[in-house]
Amino acid sequence: MHLSRLTALLIALGIAAAAAFGLADLAHNDFGIPRHVIRADALLSALLVFGLLVIGLFSRRLGDRS
């Protein structure tokens, strides 16, 4: 079965969102970490991942120049 890049990306985003919600619930309910702390850390992590993806995308595109 062949998936397009967009379909694979959407599936990966869905799985990542489900994992994030599960880990946030675990951290809040089992370890007592306040939700605002979890939210702030999640935003910083998302910015880091976004930055790395953008760097990877542009480095690949700029490296293909001949």
query = Between residues in region 1-15 that are free of Cβ contacts under 8 Å to residues at least 24 places away in the same chain and residues that are part of a helix (DSSP H, G or I) and surrounded by 10 or more Cβ atoms within 10 Å (Cβ to Cβ), which pairs lie under 9 Å by C-beta distance while being six or more apart or on different chains?
reply = Leu3/Ile11
task = Output the residue which, of all residues in region 9-36 that are in a helix (DSSP H, G or I) and in contact with a helix residue (DSSP H, G or I) (Cβ under 7 Å, 6 or more places away or on another chain), is surrounded by the fewest Cβ atoms within 10 Å (Cβ to Cβ).
result = Arg35
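Each reported figure results from applying straightforward, stated rules to the coordinates on display, with no laboratory input. Values in this document were obtained by computation on a predicted structure and should not be read as measured data. So basically every Cβ, Gly included, is an ideal-geometry build from the backbone, and we count neighbours across all protein chains shown.
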